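Some notes on the structure that comes next.
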Amino acid sequence: MGFIFRRKLTHGHTLYYVFGIKVASTRNPQSIIGKNNIVKIPPKSGVRLSVYGDNNEIIIDENTTLNMNMFIGLPELTCNNCKIHIGAETTVGGAMIRICEDNTKLIIGRDCQFSTDIQVWASDTHTITDATGKIRNIGREIIIGDHVWVGHGASICKNTIIADGCVVGTKAVLSGKYETPNSTIVGNPAQCVRVGETFWDRRRPKQYISG
């Protein structure tokens, strides 16, 4: 039908028009603006990706289910040489990942389970300095180990490390190193309340009991 057409925009949306009137707008799963970016995302993974910059690498392993918005850079502030890797069998109910600095790394291990409304900020969008003007809040990496459970509404801030097998409580705010495996991490600011003695399973309690 000649009177219907659509136009893709550089910020990753498609607008649909009928007789020159916009009737719908949809966000494209991937919007990649830049050079030499490597993107390996399995079909139907659920990732909505926006990249502004060069030489970035986004690799997601097979058998992942990720209801996730992922942003590297902004139209007015590109990011280069960043790396994101998400391991196999990881599932995400709802999360947002944002990287705003060059040379930033984000690793999420195998068999992790994220709940909903989770924020992962690998870098800030502002600057904090000390009295001498030295920057105090440069983001470099977030590393989340294998088989980590992250509860609803948790926030994971820049330069955070979470060891294998940990459980992150609802609305916890993590900033720092939680390096003992199988720990329970809760609160704002988050702290380990059970160290090395927490284990979790994807099955519900009744299913777990019945084997």
Candidate values (i) 18.6; (ii) 17.6; (iii) 17.0, label of the one derived for Kirkwood radius over Cα pairs in Å = (i)
With Cβ to Cβ distances under 9 Å as the rule, what net charge do the other residues near D146 carry (K, R +1; D, E -1)?
-> -1
Final fewest-first order of T132, T170, T90 on the 10 Å Cβ neighbour count is T132, T170, T90
For peptides 183-191, 161-169, sequence by mean Cβ density within 10 Å, most packed first = 161-169, 183-191
Calculate the dipole size of the stretch 35-210 relative to its Cα centre from +1 charges on Lys and Arg beta carbons and -1 charges on Asp and Glu beta carbons; express the result in debye to the nearest 20.
-> 320
Show that you can apply the helix-only estimate: for the chain, add -39,500 (n - 2.57) for every DSSP H stretch of four or more residues, divide by all residues, and state [θ] at 222 nm to the nearest 500.
-> -500 deg cm²/dmol
Counting DSSP beta bridges with both partners in the stretch 77-211, what percentage is antiparallel, nearest 5?
-> 15
Relative to the Cα centre, what is the charge dipole magnitude of the stretch 126-203, using +1 at the beta carbon of each Lys and Arg, -1 at the beta carbon of each Asp and Glu, and rounding to the nearest 20 debye?
-> 240
Express as a percent, rounded to the nearest 5, the fraction of DSSP beta bridges in the stretch 133-211 (both residues included) that run antiparallel.
-> 30
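Listing W200, W149 from the residue with the fewest other Cβ atoms within 10 Å to the one with the most, what is the order? If you can, show how the numbers build up before the last one.
Numbers: W200 15, W149 20.
Ordered from fewest to most neighbouring Cβ atoms within 10 Å, W200, W149 come out as W200, W149.
Based on Cβ point charges of +1 for Lys and Arg and -1 for Asp and Glu, what charge dipole magnitude is obtained for the stretch 51-113 about its Cα centre, in debye rounded to the nearest 20?
Details: 4 positive and 9 negative charges, 27 e Å.
The dipole magnitude comes to about 120 debye.
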Could you sort 45-52, 109-116, 76-83 so that the peptide with the highest average Cβ count within 10 Å comes first and the rest follow in order?
-> 45-52, 109-116, 76-83
Once you put a point 7 Å from the Cα of E62 and another 7 Å from the Cα of D117, both along the Cβ direction, what distance in nm separates them?
-> 3.6
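Figure the gain on full extension for K40 and M96 (residue separation times 0.36 nm, minus the Cα-Cα span) and round it to one decimal in nm.
Details: separation 56, 0.36 × 56 = 20.16 nm, distance 1.85 nm.
So the chain would gain 18.3 nm between K40 and M96.
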Sorting H147, H85 on the 10 Å Cβ count, fewest up front, what's the list?
-> H85, H147
Farthest toward the dipole's positive end in the chain, which of N182, T132, C82, given Cβ charges of +1 (Lys, Arg) and -1 (Asp, Glu) about the Cα centre?
-> C82
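Bear in mind these aren't lab numbers, they're just calculated from the coordinates by the rules spelled out. Everything numeric in this text was worked out from a predicted model, so none of it was measured. Positions of Cβ are generated from backbone atoms using ideal geometry, with glycine treated the same way; all protein chains shown enter the neighbour counts.
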